[in-house]
Amino acid sequence: MTISSLRGSSNKWIEIASSSPTSGTTVSFTSVPEYKDLYVLAYGINNSGTATQLTVRLNNDTGNNYSRSVLFYFSGTSQMQITNSSNSSSLYGTKEAWSPAAFSMLIEGSNSPLKKITGVPYDGYGFETNGAWHSTDIITRVDVISTAAFTAGTIKLFGRN
Amino acid sequence: MRPEIIFIDCQTGVETIREMDDAEYAQYLIDQEANATETE
């Protein structure tokens, strides 16, 4: 699977960087250039644990500056849960009881005072996230964090203006 | 042996891998505990 660019409704998405991790628990995109929007795409992700749980952290901010509402699906059941409003250190990409996992996360307004974040799992199981990162800082670092060491998969970061 | 972080410099494309330092490892343990609690 080769993806080098995505076309949005207006501006073209440009691939900023890509990684295919086979070790480590965090993939950290640093020195991210300034874009209006960012897009994280992960696919074929597997890890050394019994489940794949991925979260995203921005600018290495570990404070309680994230809010989110979550729709999640497990074993054919759907539930809605609003969790940890303004009280979380990271945002879910997906949580999977089955691997490999895939998710996308759209970060709108990455260079504006309001960052709206939408995360979608691709295979029907996992967390669908709507949230925000409460910071006026321009995003320069995006971390994708796994609960166990990566063994396979690809993570790409795109930007558009 | 501590978990590793893979850094990708988006300006240069250079990828480096290193073990977590003390602060990163402390945060990693906090994250692990938080995730386990939240998804029980």
Quiz prompt | Cα gyration tensor shape for chain B, rounded if a/c is under 1.5, else prolate or oblate | solution = prolate
Quiz item: Long-range amide H contacts for residue A:152: which residues qualify at under 5 Å (H placed 1.01 Å from N, peptide plane, sequence gap of 5 or more or a different chain)?
Solution: A:46
Practice problem: Tell me which residues come under 5 Å, amide H to amide H, from residue A:115 once H is placed; ignore anything under 5 positions away on its chain. | Solution: A:133, A:135
Exercise. Could you check the simple spin-label distance between residue A:60 and residue A:112, using points 7 Å along Cα→Cβ, in nm with one decimal?
Key: 2.8
Quiz item: Given the Cα-Cα distance of residue A:161 and residue A:134 and 0.36 nm per residue of separation, how much length would full extension add, in nm?
Solution: 7.6 nm
Exercise. For an R0 of 22 angstrom, estimate the FRET efficiency from the Cβ-Cβ distance between residue A:36 and residue B:16 and round to the nearest 0.05.
Key: 0.20
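Where a number appears in this text, it was derived from the coordinates with a stated rule and is not lab data. Treat the numbers as computed from the prediction; the structure is a model and nothing was measured. Here Cβ is always computed from backbone atoms with ideal geometry, including for glycine, and neighbour counts include all displayed protein chains.
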